[in-house]
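**Q** Sharing a structure with you now.
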Amino acid sequence: MAISTLPHNHLYLQALRGETVSRPPVWMMRQAGRFLPEFRALRDRYDFFTRCQTPELAAEITMMPIRRFPLDAAILFSDILVVPQAMGMDFEMRDGVGPWLEHPVRSASRVSEIEIPVVEESLGYVAKAIDHTLELLENRIPLIGFAGSPWTILCYCVEGKGSKSFDLAKKFCFTESDAAHQLLQKITDTTISYLKMKARHGVSAVQIFDSWGGMLSPEDYQEFSWKYIQQIILALQEIVPVVVFGKGCWYALPKMATSGAAAVGVDWTVSPEFARQSVGKEVCLQGNFDPARLHSRPEDIQKMVQEMIRRFGKDRYIVNLGHGILPNIPVENAEAFVQAVVEWEE
Ligand code: CP3
């Protein structure tokens, strides 16, 4: 079921289109997550991927931050790893470890066995979660869909778990590059049909998370990450606005700006001025409050947010963090962050 009418509060979509706004919109990466006590309460009852796979639960978790804070967009609760799961890689979420794949993909023969799934079947639960969420949202604010970048997904498939540097993933790309490209293309094809399905079910925008793009040199980024992200943007841009976020990818900002993406997300290591200079005047920027800065006192957070908006400018700008919210952030500090934007006046 696709809902085509504009949400009542569509500041987020206005910013993506470059329209003049009364104030910039705000949402927080990973807002539907561990920093919320009601999310942690559910954790004892259902394991992580059960929550992703049960549409009612996913919709309920998506709504948790919306019920607490005056956010301008919701992001569907799910995970980037549901895509490789649908491709036959049995990811688990282990306590104290994080994502875990018992048999990581480290050979050309393993890559050649991977099949591109029919997403309506293997990821139909995500489509149902979108339907449920849109009912709960009652057209108040837009819903954002997302996927990991093919490179970031490859990192987990090859490494089998999180890592500080993803050396094994890089080694695979540099020593088995044909197989790596084959895997990246299979992930890309799956991601394109997955995001098209999300758009058909009524998400207002999709965000690509390239969380580990910054592990690569600029040349390798082009070869192993950007080439594939660009394919996804080209396939989606006429259907739904695409936001591209790469952590540590400051060197790629100019090409992100001319890729067809509606907005470019930046992390906190770049200044607003550098970001704007890199992407030009037209493209919308999103970011980039240091997630650890949410440990500051609420009154200091408010001042820093005001300063951040002054430097980015109110138009063509979406207030966000520079990466996902940390699990140990006090709820009242997150609230101060959102409230500072809602109360912002020129
Ligand atoms: O707002 C939202 O939370 C939306 C849903 C969302 C999740 N993961 C839920 C989640 C989104 C957008 C993601 C994206 C995601 N997942 C990324 C890209 C963004 C980023 O932050 O870099 C990545 C790399 C993943 C893979 C993944 N999933 C990791 C590294 C982890 C953390 C593991 C750990 O324990 O530290 C997860 C688990 C995860 N995904 C949680 C949530 C709410 C925490 C689950 C829990 O502890 O119960």
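Quick note: the coordinates plus some simple rules give every number you see, no bench work behind them. Keep in mind it's a predicted model, so treat the numbers as computed, not measured. All Cβ positions, even for glycine, are placed from backbone atoms using ideal geometry, and neighbour counts span all protein chains on display.
**Q** With N set to the number of residues, divide the alpha-carbon radius of gyration of the range 232-346 by 2.2 N^0.38 Å and report two decimals.
**A** 1.08
**Q** Okay, helix-only estimate at 222 nm for the chain: each DSSP H run of n ≥ 4 adds -39500 (n - 2.57), divide by all residues, round to 500 deg cm²/dmol; what do you get?
**A** So the helix-based figure for the chain works out to -13500 deg cm²/dmol.
**Q** Also, I was wondering about something else. Using the number of other C-beta atoms within 10 angstrom as an exposure proxy, rank THR188, THR175, THR50 with the fewest first.
**A** THR175, THR50, THR188
**Q** I want to verify the translational diffusion coefficient of the range 56-162 in µm²/s; compute it with Stokes-Einstein, Rh as the Kirkwood radius over Cα pairs, at 25 °C and 0.890 mPa s.
**A** This corresponds to a translational diffusion coefficient of 160 µm²/s.
**Q** Run the count for the chain, please: Lys pairs, Cα-Cα under 22 angstrom, 8 or more apart or on different chains.
**A** Final tally of qualifying lysine pairs is 24.
**Q** In what sequence do VAL82, VAL242 fall when counting other Cβ within 10 Å, fewest first?
**A** Sorted ascending by nearby Cβ count, the order is VAL82, VAL242.
**Q** Have a look at the DSSP beta bridges in the chain and tell me what percent are antiparallel, nearest 5.
**A** Percentage antiparallel, nearest 5: 15.
**Q** Follow-up question, since we're still on this one. Roughly how many nanometres apart are two label points built 7 Å out from the Cα toward the Cβ at ASP167 and ASP220?
**A** 1.2
**Q** Calculate one ³J(HN,Hα) per residue across the range 245-258 by plugging θ = phi - 60° into the Karplus curve 6.51 cos²θ - 1.76 cosθ + 1.60, and present them in order as whole Hz with x for glycine and proline.
**A** After applying 6.51 cos²θ - 1.76 cosθ + 1.60, I find 10, x, 7, x, 9, 4, 5, 9, 4, x, 6, 4, 5, 10 Hz.
**Q** Could you tell me the distance between the Cα centroids of the range 246-295 and the range 88-114, to the nearest Å?
**A** 31
**Q** I've got another one for you. Could you pull out every whole DSSP H run in the chain that spans at least 15 Å of Cα extent along its own axis and averages -1.0 or higher on the Kyte-Doolittle scale? Please list the in-between numbers first.
**A** On the way: long enough: 55-68 (21 Å, 0.02); 124-137 (20 Å, 0.51); 177-200 (34 Å, -0.45); 298-312 (21 Å, -0.81); 331-342 (17 Å, 0.92).
Span-like helices, by this rule, are 55-68, 124-137, 177-200, 298-312, 331-342.
**Q** So, in nm, how far is label ASP290 from label GLU19 when the simple model puts each one 7 Å beyond its Cα toward the Cβ?
**A** So the two model labels end up 3.6 nm from each other.
**Q** Here's another thing I want to ask about it. What whole-number value in cubic angstrom gives the convex hull volume per residue for the C-alpha atoms of the range 11-342? Each step should come with its number before you reach the end.
**A** Working: hull volume 39.2 nm³, N = 332.
In the range 11-342, the Cα convex hull volume per residue is 118 Å³.
**Q** Pick out, in residue order, every one of the trypsin sites (Lys or Arg not before Pro) in the range 159-215 that is DSSP loop and has at most 15 other C-beta atoms within 10 Å; say none if there are none.
**A** Details: sites: LYS161, LYS164, LYS170, LYS171, LYS186, LYS196, LYS198, ARG200; in loops: LYS164.
Within the range 159-215, the qualifying trypsin sites (Lys or Arg not before Pro) (loop, at most 15 other Cβ atoms within 10 Å) are LYS164.
**Q** Also, I was wondering about something else. So the label point goes 7 Å from the Cα of ARG45 along Cα→C-beta, right? Which residues of the range 60-91 then have their backbone N under 12 Å from it?
**A** Within reach of a label on ARG45: 60-61.
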